[in-house]
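**Q** I'd like to ask some things about the structure below.
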Amino acid sequence: MTELVNLHISEALDLLNKKEISSVELTKAHLSEMEKARFLNAYITETPERALADAEASDKRRANGDSLGALDGIPIANKDLYCTAGIRTTAASKMLSHFVPPYESTVTQKLKDAGTVMLGKVNTDQFAMGGSTMTSYFGVTKNPWTDEKGEYSLVPGGSSGGSAAAVSAGLCMGATGSDTGGSIRQPASFCGITGIKPTYGRCSRYGIVAFASSLDQAGPMARSVKDCALMLREMAGADGHDSTVAELPVPDFTAALTGDIRGKKIGIPKEYRPDGLNAEVARVWDKGIQLLQDAGAEIVDISLPHTKYALPVYYIVACAEASSNLSRYDGVRYTERVSGHTLDEMYENTRTDGFGPEVIRRILLGTFVLSAGFYDAYYTRAQRVRRLIYEDFKKAFETVDAIVVPAAPTPALSYEAMKNMSPVDTYLGDVFTTPSSLAGVPSLSLPVGLSNTGLPIGLQIIGKHFDENTVFQVGDVLEKAAGFNLMPHRVKG
Amino acid sequence: MYTIHGKTGDWELVIGLEVHCQILSKSKVFSGASAEFGAEQNTHVSFIDAGFPGMLPKVNEKCIEQCVKTGFGLNAKINKYSRFDRKNYFYADLPQGYQISQLYHPIVGEGYIEVTTDEGTRRIGVERLHLEQDAGKSIHDMVPGKSLIDLNRCGVGLMEIVSKPDMHSPAEAGEYLRQLRAIVRALGTCDGNMDEGSMRCDVNVSVRKVGETTLRPRTEVKNVNSVRFVMQAVEFEANRQIDIYENGGTCQQETRLFDSVNVETRPMRSKENANDYRYFPDPDLLPVILTDEYIENIRQNLPELPEAKKKRYVEELGLTPYDASILTADHETSDYFETAIRGQDAKKVANWVMGDLFAYLNKSAKTISESPIKAEDLGALVGLIQDGTISGKIAKEVFEIMAETGKAPAVIVEEKGLKQVSDTGAIEALIADILSANMDKVAEIKAGKDKLKGWLVGQIMKASQGKVNPALANQLLNKKLEEV
Amino acid sequence: MSFNEQTIKTIANLARLKFPKEDEAKFMADIDSILNWVEQLKGVDVTGIEPLVSVSPRENAIRSDVVTEGNIQSELMANAPESVQGFYEVPRMVE
């Protein structure tokens, strides 16, 4: 059992149920791996005591034959955007660097109720704004995959970069992520793992630090489609606290993993293949299409004509909502405060000090697009184009069961490359993920191939609203066909 | 029409009111914290109200219902589709940094309130009613250099009711507010208590020369929190603006505060930048869709509204419209009145309520619900006059005792022996005594000085301490005089 | 669209942010370039298209009028940077 940290959740559950391993062993293996891999800076806050207590309680339940949760004894990490009662929740910001919530988010509570063991809180871009974890107040997370020289010079993607890196490096078996415009799917692709942004309204947003309320969705990140299906089932479902959550039953998503997609219609939108598409990404995409065809799916060329507008629409809508959502961080009730002679001065000092540059940029942009004289030209127009994007998907799904596209325009980039990029250039990294965010449709990202330099490249499987079943079903077939079972080099310790 | 006569001619007033009514509900509009007034600071507060990270609002169904009810009270269109918007601004009593309100799609659309003043009855248009959340409270005088924040009120449901600029006199503005208060009280959607701030009023005033068709810039006077203050604020503000115009100046749109001590308005400290509230649809909340069935169900279960009540008082009870509007001004008064008239002459009871009772309550600074005279007892008092048990004059005396002791009138009449004497034998004997003591006056009457009869009746009443039925005394006196 | 010095001052003030000169210039340039980039939306024909506000499948998410929360003054105050006697304390707001 030297490789406990390489297990999938589904495998570990088998071993736990057969009592071949204990949750304490599993947890300790992860805690020790976390210690060795601290230089990756995946975790903002480690909670080893809580983890061991959770694990012992789980082992006791198993030993006593008590009723067990669906994920009983599985060590996981939570993105530090999820409020966890009594455990510091920072949103990777200076603003909330000492904030200890007195309440638990619905999703983490559900995972707790499912018997999981919490190892700690993982890094993210500040307030989930970014695609690299470089905006985190707690420093960047390193991608466990190394560059050609074997150096840890690559970003894990973001904003759920801490989650992706931790899952990829064996620092947890699965992690919560959150996705507003690609924040689960892009880091999953960069780190060679699997993650799903479920349908908007599938998971409760209660207790998750809000970025853009009409787009934010919780989702799982893990090392297989099945693991994601297992986790999502526990995370999803109606919640009296969040008006936007669907009151639909949550299916057993693993039941959809039939391995048979014969006759399924898979749409390939031409707009995702612009001139200059990264050749390696294109190659992996083509490979994925071929694998699905080989598995008996029918490949259909489709058009999502407003795709190219998704990115600017996304930045207007998300920043507008963020500018309002982040107004509550004002130094009065729970954040850090930087004093001032007047109330306004205190606000300005607190907010300018507590927010990093990317957050400030987005607040400024969002404030501007909502301001008098510009609201219609920017915000309302963006909302109208958002409807066109939504209709594009609706129309496509009249003829296809799922859509397959790349998850990110490139493999993981280096810090050096990203440091010198303009804001607009970094936003372009979300080009393939924002359309499905705006439409609210479920979208799974899974690794399908490697770049020429040996870095993972992921594809997205997009489905109809609340049809995660098909997404998982197609993803599972593609995963098996691609045979991607690589993990980054284990950290020497 | 009401006008103000200035140096340069006659001016008319254009007045609109924005009234915030706190909704009567157990819990707040978007959280499960108590909406009750008067608790210890920051105890009726949830993490939602305090704007903690990740907290989400959820609409209280009672608040929706109260808005729809009030909409009916305003004869207004109930909007089957409404939605919430965020009004963004920073203030210490606004934890989220935005107020959840309804700018684009309010729950209630256009309606009207009928307002009766000396100039007659007019319909004052209501522009809209929308649902929003209240802010917290700031206390400025407890710690030097600091303000203290209490969020108990933060998140309590508010109905903002915006009138059209349809009012033209201080009296009309005052009466509109009085009527609005009567409506929400009758419906039980707001307690209308302006002292505790559960009903708050901002007044928009502009003036223009009689005959002008366009509007001049208006001022918004904030926090004018009584009917009287509204009338005073309108009057002051109109005169102030007229003075400016007549001295060659111009007015600009501005926000002012009402100072009820000095009865004047003052400019608010001007903010460096005009507010830009950046309203946009709240993505945390979903549209409110009302079905016909839901709306109809509320309509059918409405209590009688002041307007309908007024009409009934005029048509069925024969009261004048003026009396009817006074008696329906609030539901405490109309409840009292309706209890008092059971089995009694409504018009006579109305006179007692609006005369002696109101005078007494006014003098002793009591509200009608604090009246020591119970409604049943006032009715019974009128009954005693009607059936001849006591005279109207004695009734006034009995009323005083009722007010002092809270006793029933019949008990007082019995205890004090105030019953009218209707025993003809006893009265005849009394008359005989008086006539024999005043034979000179009798002679004068016989000689044609009829006026002296009244004097004799007075003597009879005096001798009987007012207990003799005056009509009977008159009749018996005439009979005796003929016999003499 | 030109996001100029006056605009950034106004917008920063609305958002209660305040920067030293060099930061202001940097943010101004950033926002200006982002706005130039989003200009492409002007090319979309949106005639007759209703703005899309929410992709949630629900409407009428309401709760019953029951008191379920409150009485957490001490927890609230424990989180506050400055408080006195159960009140939040802020610099004096002059009226």
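**Q** Check off (1) outside any helix (DSSP H, G or I); (2) open to solvent by 40 Å² or more (accessible area, probe 1.4 Å); (3) of a type outside the set (D, E, K, R) for residue C:19 and give me the number that stays unchecked.
**A** Status for residue C:19: all satisfied but (2).
**Q** Quick one: how many residues across the range B:45-63 are over 30 Å from residue A:127 (Cβ atoms), buried (at least 21 other Cβ atoms within 10 Å of the Cβ) and within 7 Å of chain C (Cβ to nearest Cβ)? Quick ask: steps written out before the conclusion?
**A** Step one: list which residues in the range B:45-63 are over 30 Å from residue A:127 (Cβ atoms), which gives B:61-63.
Checking the rest, the ones that are also buried (at least 21 other Cβ atoms within 10 Å of the Cβ) come to B:62-63.
Retained after the next criterion (residues that are within 7 Å of chain C (Cβ to nearest Cβ)): B:62.
Residues that pass the stated criteria total 1.
**Q** Which of the strands (runs of 3 or more DSSP E) contained wholly in the range A:185-272 include at least 3 residues that are over 13 Å from the mean Cα position of the chain (by Cα) and not hydroxyl-bearing (Ser, Thr, Tyr)? Step through it out loud before you land on a result.
**A** Numbers: elements: A:194-197, A:217-222, A:265-269.
Hits in the range A:185-272: A:265-269.
**Q** When only residues in the range B:423-479 that are open to solvent by 80 Å² or more (accessible area, probe 1.4 Å) and under 25 Å from residue B:395 (Cα atoms) count, which is modelled with the lowest pLDDT?
**A** So, considering only residues that are open to solvent by 80 Å² or more (accessible area, probe 1.4 Å) and under 25 Å from residue B:395 (Cα atoms), the one modelled with the lowest pLDDT is B:423.
**Q** Any residue at all in the range C:65-72 that is more than 9 Å from chain A (Cβ to nearest Cβ) and not in a loop (DSSP other than H, G, I, E, B)?
**A** yes
**Q** Pick from the range A:342-359 the residues that are under 30 Å from residue A:440 (Cα atoms) and crowded, with 22+ Cβ neighbours inside 10 Å: which of them is nearest to the other protein chains (Cβ to nearest Cβ)?
**A** A:355
**Q** Being within 30 Å of residue B:10 (Cα to Cα) and assigned to a loop (DSSP other than H, G, I, E, B) is the requirement here; does residue B:214 meet it? I'd like the intermediate steps shown before the answer.
**A** Working: within 30 Å of residue B:10 (Cα to Cα): yes; assigned to a loop (DSSP other than H, G, I, E, B): yes.
Considered against the rule, which asks whether it is within 30 Å of residue B:10 (Cα to Cα) and assigned to a loop (DSSP other than H, G, I, E, B), residue B:214 comes out as yes.
**Q** Right, here's the next one. Looking only at residues in the range A:298-310 that are open to solvent by 10 Å² or more (accessible area, probe 1.4 Å) and part of a helix (DSSP H, G or I), which one is nearest to the other protein chains (Cβ to nearest Cβ)? If you could, list the steps in order and put the result at the bottom.
**A** Quick first cut of the range A:298-310, residues open to solvent by 10 Å² or more (accessible area, probe 1.4 Å) only: A:298-303, A:305-309.
Right, trim to part of a helix (DSSP H, G or I) and you get A:307-309.
Numbers: A:307: 12, A:308: 8, A:309: 6 Å.
Filtering the range A:298-310 for residues that are open to solvent by 10 Å² or more (accessible area, probe 1.4 Å) and part of a helix (DSSP H, G or I), the one nearest to the other protein chains (Cβ to nearest Cβ) comes out as A:309.
**Q** Suppose we filter the range A:368-400 for residues that are in a loop (DSSP other than H, G, I, E, B) and at the interface with another protein chain (Cβ under 7 Å from one of its Cβ atoms); how many remain?
**A** Our first condition is that a residue be in a loop (DSSP other than H, G, I, E, B); within the range A:368-400, this holds for A:371-374, A:397-400.
Subset that is at the interface with another protein chain (Cβ under 7 Å from one of its Cβ atoms): A:371-372.
Here the count works out to 2.
**Q** Another question about this same structure. Given the structure, is residue A:49 more than 14 Å from chain B (Cβ to nearest Cβ), surrounded by fewer than 17 Cβ atoms within 10 Å (Cβ to Cβ), within 28 Å of residue B:53 (Cβ to Cβ) and acidic (Asp, Glu)?
**A** Answer is yes for this residue.
**Q** Across the range B:96-154, which residue is most open to solvent (accessible area, probe 1.4 Å) among those that are acidic (Asp, Glu) and under 28 Å from residue B:69 (Cα atoms)?
**A** B:110
**Q** Among the residues of the range A:433-453, write down those that are buried (at least 24 other Cβ atoms within 10 Å of the Cβ) and more than 15 Å from the chain's Cα centre (by Cα).
**A** Residues satisfying the conditions are A:435, A:438, A:439, A:448.
**Q** Is there a residue being more than 18 Å from residue A:392 (Cα to Cα), at pLDDT below 95 and either in contact with a His (Cβ under 8 Å, 6 or more places away or on another chain) or surrounded by fewer than 24 Cβ atoms within 10 Å (Cβ to Cβ) (or both) anywhere in the range A:459-479?
**A** no
**Q** Next question. Can you work out which of the residues in the range B:64-88 that are touching a Phe, Trp or Tyr at 6+ places or on another chain (Cβ under 6 Å) and either over 30 Å from residue C:17 (Cβ atoms) or not basic (Lys, Arg) (or both) is most open to solvent (accessible area, probe 1.4 Å)?
**A** B:75
**Q** For the range C:83-95, enumerate the residues that are on the phi < 0 side of the Ramachandran plot, surrounded by 14 or more Cβ atoms within 10 Å (Cβ to Cβ) and either facing chain B (nearest Cβ under 8 Å) or of a type in the set (A, V, I, L, M) (or both).
**A** Residues of the range C:83-95 that are on the phi < 0 side of the Ramachandran plot, as a first pass: C:83-84, C:87-95.
If we keep only those that are surrounded by 14 or more Cβ atoms within 10 Å (Cβ to Cβ) too, we end up with C:83, C:87-93.
The answer is C:87, C:88, C:89, C:90, C:91, C:92, C:93.
**Q** Oh, and also: Those residues that are assigned to a loop (DSSP other than H, G, I, E, B) and either modelled with pLDDT of 95 or more or more than 7 Å from every other protein chain (Cβ to nearest Cβ) (or both), I need them from the range C:34-54; list them, please.
**A** Across the range C:34-54, the qualifying residues are C:44, C:45, C:46, C:47, C:48, C:49, C:50, C:51, C:52.
**Q** Also, quick follow-up: Check the range A:325-341 and report whether any residue there is charged (D, E, K, R), open to solvent by 20 Å² or more (accessible area, probe 1.4 Å), out of contact with any helix residue (DSSP H, G or I) (no Cβ under 8 Å at 6 or more places or on another chain) and more than 8 Å from chain B (Cβ to nearest Cβ).
**A** No: zero hits.
The values are calculated or read from the model by the stated rules, or taken from the named source; none is laboratory data. All of these numbers come straight from a predicted model, not from anything done at the bench. A quick note on method: Cβ atoms are made from the backbone with ideal geometry, for glycine too, and the neighbour counts reach across all protein chains shown. Keep in mind that these areas ignore ligands, DNA and RNA; they rest on the heavy atoms of the full protein, side chains included. Shrake-Rupley method; radii C 1.70, N 1.55, O 1.52, S 1.80 Å.
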